[in-house]
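Colleague: Got a structure here, written out as structure tokens. Questions coming.
Please treat every number below as a calculation from the coordinates, not as lab data. A quick note: this is a predicted structure, and the numbers were derived from the prediction, not measured. Reconstructed Cβ throughout: ideal geometry from the backbone, glycine too, with neighbour counts over all protein chains shown.
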Amino acid sequence: MGDVNESEESEELTKFRTETRDWVAKNKPKPPGFKLPQSFLEVESDRQFEFLRDWQMLVYDAGLLGYDVPKEYGGQGVDPDRHRIVMQELHRARAPFLVNVIGLHWAGPTILAYGTEEQKKLLGPMLRCEEVWCQGFSEPEAGSDLASLRTKAVKTDDGWQVSGHKVWTTLAHVAKWMILLARTNPDVHKYQGLSYFLFPMQTEGVEVQPLVKMTGEGGFNQVLFDNAKMPKTALLGEEGQGWQVAMTTLLFERGAGEGSGRERAAALVGQLKRLVRLAKKSRRDGKSVAEDPLFRDRVAGLWAEAQAMGVTAARAGVDGLNVDRPMGVRLMNKLVSSEWNQRLNELACEMLGPDVGLWLDDPNAPDAAEWPRGYMNSFGMTIGGGTSEIQRNIIGERVLMLPKSK
């Protein structure tokens, strides 16, 4: 499945695509000899992080990263077509992912929307992965009901003091910055008493504790704040504007940003090809699984959905096709693609049969056990950024204008 606009690209963009593809082919790093994470959610060891950080730095230094950030803030200048092409070619080559995901896709766009000139200077080190970002939203008793969070930021003469507990803070163990949502006024409505901060992680009073997933991998953390200080300049936007700013971040996290759908659609091609290869080499009753009509039908269904997601992503970029519900298509991105990915990995596990029980350290595990690992990891994607149930409520209530569920 290719991008629907690729054949219509200008000569200049076609040349840029060719140059990008050639660069990625020549510079894509060789397998490092140790297990790499499947996504930014599973980066646990220093060597995993350093490998991925060095790759992002290389991509940035080649002039390929930052086409969604103005040059004065360290980017390449805003050029959605070039940004799309770079992301497509990285996915096509199955290159390592860009590890500073929270910074690149959530914090960065939010800072561009609400930040001061001084705060926007953080974008350059973010793009080059010199400074990694994490997200401090969820708490043990405030997940889906985010506005009920209890972490508080108290104003002092020279800034703020933070006390509280954040959880599921991916990359917190390597992060220099956190996008932090905290309560600054307990005496008003819960949505009005929140503020949004750019919190410096290397601060006294911050403790990062790792959490282990059911795959046995780390990457998630919980963060404890004990009167941790931050300066006045940490506030993003206005005091009490935190809910509005946080919803902007969540729009980007849920795939509503410009080009996000195309990036997700571009990533589906390689996944489908890998699934087909697995079907051809997996055996059932002495025959290839690829010959089984039931499996073939399910693979074809996933392929058809992937095609639809690609076309839908292109539609999201045409204003005239989104007049009635401008954000409708974009808000579906995260929901549809995360559940598609989960069903793809589930089907792969069914294809494997009894071999699905062979784990990462077993030399006989097909594809190094990446499929059962991917299936278990897929639940992080259908939960993070708001569960699938929350996504359906958002689409129903805010896009289709249906009455709120009780």
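Colleague: What relative contact order, as a whole-number percentage, does segment 133-238 give when Cα pairs under 8 Å and 6 or more residues apart are counted?
Modeller: Answer for segment 133-238 is 30 percent.
Colleague: In degrees, nearest 10, range 0 to 90: what is the angle between the Cα axis of helix 80-92 and the longest Cα principal axis of the chain?
Modeller: So the inclination is approximately 50 degrees.
Colleague: Between segment 72-136 and segment 23-37, what is the separation of their alpha carbon centroids in Å?
Modeller: 21
Colleague: Ok, one more. Show me, bin by bin at 10 Å from 0, the whole-percent P(r) of the chain based on Cα pairs.
Modeller: Once binned at 10 Å, the Cα pair distances of the chain give 4, 20, 31, 27, 13, 3, 0, 0.
Colleague: In deg cm²/dmol, rounded to 500, what helix-only [θ] at 222 nm does the chain give when every DSSP H run of at least 4 residues adds -39500 (n - 2.57) and the total is split over its residues?
Modeller: Result for the chain: -13000 deg cm²/dmol, rounded to the nearest 500.
Colleague: Strictly greater than 15 Å: what percent of every Cα pair in segment 130-192 meets that?
Modeller: When all Cα pairs of segment 130-192 are counted, 54 percent exceed 15 Å.
Colleague: If you don't mind, another one. What residue among 238, 12, 350 shows peak mean-square fluctuation when the chain is described by a Gaussian network model with Cα springs under 10 Å?
Modeller: Result: 12 has the largest fluctuation of those listed.
Colleague: Also: Using a basic spin-label model with each label point 7 Å from the Cα along Cα→Cβ, how many nm lie between residue 272 and residue 402?
Modeller: Modelled inter-label distance: 2.8 nm.
Colleague: Apply 1/(1 + (r/R0)^6) to the Cβ-Cβ distance of residue 117 and residue 176, taking R0 = 22 Å, and write down the FRET efficiency to the nearest 0.05.
Modeller: In this case the efficiency is close to 0.65.
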